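Before any comments, here is the structure.
The values are calculated or read from the model by the stated rules, or taken from the named source; none is laboratory data. A quick note: this is a predicted structure, and the numbers were derived from the prediction, not measured. Here the Cβ positions follow ideal geometry from the backbone for every residue, glycine too, while neighbour counts run over all protein chains shown. Only protein heavy atoms, including side chains, enter the accessible area calculation; ligands, DNA and RNA are left aside. Shrake-Rupley method; radii C 1.70, N 1.55, O 1.52, S 1.80 Å.
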Amino acid sequence: MGRSERVAVIGAGYVGAVTAAVLAHFGHAVVLAESDLYRYAQLASGKSPIVERDLEELLQEGLASGKLRVVNSAAEAMPDAEFVFLCVPTPQGGDGSADLSAVKLVLGEIRTLLVSHAVLVMKSTVPAGTSKLVTELLERPDVSVVSNPEFLREGSAVADSLHPDRIVVGVDDESVARRVAGLFGATNAPLIVTSATTSETIKYAANAFLATKLSFINSIATLCEVAGADVRDLIVALGYDKRIGFDFLSPGPGWGGSCLPKDTAALVQIADSFGFDFAMLRAVIAQNDDHADRVVEKIRVAVGGTLAGAEVAIWGLTFKANTDDRRDSPSVDIVRRLGRQGATLRAYDPTVAPGATESDLEGVEIFSSPYDACSGAQVIAILTEWDEFRNVDFYKVGELMTARAIVDARNLLDPIALRAMGFGYSGIGRP
Ligand code: UGA
């Protein structure tokens, strides 16, 4: 274990809460600042505000050892903090660019409170050049501003932070870079020190590449469907090529979540702002939109040709399994498209309680089990890869439905077994 440092983390979303818990686990003295009162109270009592494997245990470990403290404002976290991590959201603005207002708000709050020679670490995803802008806004020549992008995935955020593939630190001063990297010494991950602008660009490039890989495999899946090939065998063959690899090649209903859609849109906009038309990335984004239509089309065909008045059961609403996050969820997007065509929607998701009133679920009836959701339905659309859908009793399901049809947009199930039970089955890119 390296030396223990005094760290403040501002913002307790996915990135902030996990970063704070992990740094406390590494032995640093961490103060986590969350301005939302409800979220603050949850954290202070050792509750994770989000569904995230191992996070609650790690938060409780930190609170119990005294290595982690939770406060209600950025200002309270400032005294003594040698490192201040900025982990506030940078949502998509109207023109696709990242909205930096939360970043600027916090800067205003902490500008004069930062201790002399503090290091301000930008973990929020921000466009190339933001660290320079932050340096200017701070007007604190004694404070170093460092870019340190985050690559954790929701659902495995703690494991990703304990064992990252790499640590990227963007700052011109090598000694400051080493100090920041030292905080993560326990991970033994490769360190890449670069300029702040390069570091900021790395984050967008990584997410854009992942989105490209997904749009590519979803397009190949469509090609497999029309050509009569099986994308699952194709993926195995591609994956053994070390230059391609197996990861991020599962076709699905399209890619979503709080990061890939906003970061790809932002990168197109960043490129635009420099006069570069990133046409390839625009095509990647357009493919994802078209792909949702293709899934809707499969559901339309499965109910016999018209969605108006059709009873459609939706299994899974989150943007992927093992999270309760529905931001930019492909499932919610497809549900909306189905609703616009007049389908009646009956949904089940393990993280959504019946009676949920959130606006993204308007017009969708939520049930407390996959069986209740498919009762009286003509088709089941599996849109999130929750493990429990593999173990459903399909004899019972068949009895409950008015027609036996499944659109398996995550390729979770065995078509041979289902067809033997009298189900019509349609997956993604497979016979
Ligand atoms: C993504 C990146 O993977 C992280 O590295 C990054 O740190 C994070 O964004 C971020 O910028 O904060 P996350 O949003 O948690 O992480 O989601 P992913 O696991 O990347 O999944 C994104 C979407 O792609 C989901 O809708 C998922 O279902 C879909 N996906 C993923 C597939 O359809 N197939 C796959 O093989 C993998």
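Report, ordered by the first and then the second residue, all pairs with beta carbons closer than 9 Å, sequence separation of six or more or different chains, a first member in region 234-259 that is at positive phi, and a second member that is assigned to a helix (DSSP H, G or I) and within 6 Å of the ligand (Cβ to nearest atom).
From region 234-259, the pairs are Phe248/Leu210; Phe248/Leu214; Gly254/Leu214; Gly254/Pro330; Gly257/Pro330.
Return only the number of the condition from (1) within 14 Å of the ligand (Cβ to nearest atom); (2) open to solvent by 50 Å² or more (accessible area, probe 1.4 Å); (3) under 23 Å from Ile334 (Cα atoms); (4) assigned to a loop (DSSP other than H, G, I, E, B) that Thr306 does not satisfy.
Among (1) within 14 Å of the ligand (Cβ to nearest atom); (2) open to solvent by 50 Å² or more (accessible area, probe 1.4 Å); (3) under 23 Å from Ile334 (Cα atoms); (4) assigned to a loop (DSSP other than H, G, I, E, B), the lone unmet condition for Thr306 is (1).
Looking at the structure I just gave you, is Gly13 open to solvent by 20 Å² or more (accessible area, probe 1.4 Å), more than 16 Å from the ligand (Cβ to nearest atom) and small (Gly, Ala, Ser)?
no
Here is a check on your reading of the model: is Leu58 within 16 Å of the ligand (Cβ to nearest atom) and either open to solvent by less than 10 Å² (accessible area, probe 1.4 Å) or touching a helix residue (DSSP H, G or I) at 6+ places or on another chain (Cβ under 8 Å) (or both)?
Against the criterion (within 16 Å of the ligand (Cβ to nearest atom) and either open to solvent by less than 10 Å² (accessible area, probe 1.4 Å) or touching a helix residue (DSSP H, G or I) at 6+ places or on another chain (Cβ under 8 Å) (or both)), Leu58 does not qualify.
Please go through region 319-344 and pick out each residue that is in a loop (DSSP other than H, G, I, E, B), open to solvent by less than 10 Å² (accessible area, probe 1.4 Å) and in contact with a Leu (Cβ under 9 Å, 6 or more places away or on another chain).
Ser329
If I filter region 388-431 down to residues being small (Gly, Ala, Ser), touching a residue at least 24 places away in the same chain (Cβ under 8 Å) and part of a loop (DSSP other than H, G, I, E, B), which single residue comes out as surrounded by the most Cβ atoms within 10 Å (Cβ to Cβ)?
Going through the qualifying residues, I end up with Ala409.
If I ask for residues that are among the aliphatic types (A, V, I, L, M) and touching a residue at least 24 places away in the same chain (Cβ under 8 Å), which ones from region 355-384 would you list?
Correct list: Leu361, Val364, Ala373, Ala377, Val379, Ile380, Ala381, Ile382, Leu383.
Would you mind finding the one in Ala302, Ala347, Ala308, Ala343 that is of a type outside the set (Phe, Trp, Tyr), touching a residue at least 24 places away in the same chain (Cβ under 8 Å) and out of contact with any strand residue (DSSP E or B) (no Cβ under 9 Å at 6 or more places or on another chain)?
Only one candidate qualifies: Ala308.
Filter region 99-158 for residues that are small (Gly, Ala, Ser) and in a helix (DSSP H, G or I) and give the result.
Across region 99-158, the qualifying residues are Ser101, Ala102, Gly108, Ser131, Ala157.
Quickly run through region 43-83 and pick out the residues that are of a type outside the set (Asp, Glu), more than 18 Å from Tyr14 (Cα to Cα) and not in a helix (DSSP H, G or I).
Gly66, Lys67, Met78, Pro79, Ala81, Phe83
Quick one: Ser101 ticks every box in (1) more than 15 Å from the ligand (Cβ to nearest atom); (2) surrounded by 15 or more Cβ atoms within 10 Å (Cβ to Cβ); (3) closer than 18 Å to Gly16 by Cβ; (4) small (Gly, Ala, Ser) except a single one, so which number is it?
(2)
Which one of these does Gly93 not meet: (1) buried (at least 16 other Cβ atoms within 10 Å of the Cβ); (2) under 30 Å from Gln269 (Cβ atoms); (3) small (Gly, Ala, Ser)?
(1)
Looking at Ile299, is it within 30 Å of Pro350 (Cα to Cα), away from the ligand (no atom under 16 Å from the Cβ) and crowded, with 21+ Cβ neighbours inside 10 Å?
Yes, satisfied.
Counting just the residues of region 113-157 that are surrounded by fewer than 17 Cβ atoms within 10 Å (Cβ to Cβ) and of a type in the set (Ser, Thr, Tyr), which one comes out farthest from the ligand (Cβ to nearest atom)?
Among those that are surrounded by fewer than 17 Cβ atoms within 10 Å (Cβ to Cβ) and of a type in the set (Ser, Thr, Tyr), it is Ser116.
Does Ser368 satisfy being open to solvent by 60 Å² or more (accessible area, probe 1.4 Å), at pLDDT below 95 and away from the ligand (no atom under 16 Å from the Cβ)?
Against the criterion (open to solvent by 60 Å² or more (accessible area, probe 1.4 Å), at pLDDT below 95 and away from the ligand (no atom under 16 Å from the Cβ)), Ser368 does not qualify.
So Val352 ticks every box in (1) without any contact (Cβ under 8 Å) to a residue 40 or more places away in the chain; (2) among the hydrophobic types (A, V, I, L, M, F, W, C); (3) within 23 Å of Thr306 (Cα to Cα) but one. Which box is left unticked?
Only one criterion is unmet by Val352, namely (3).
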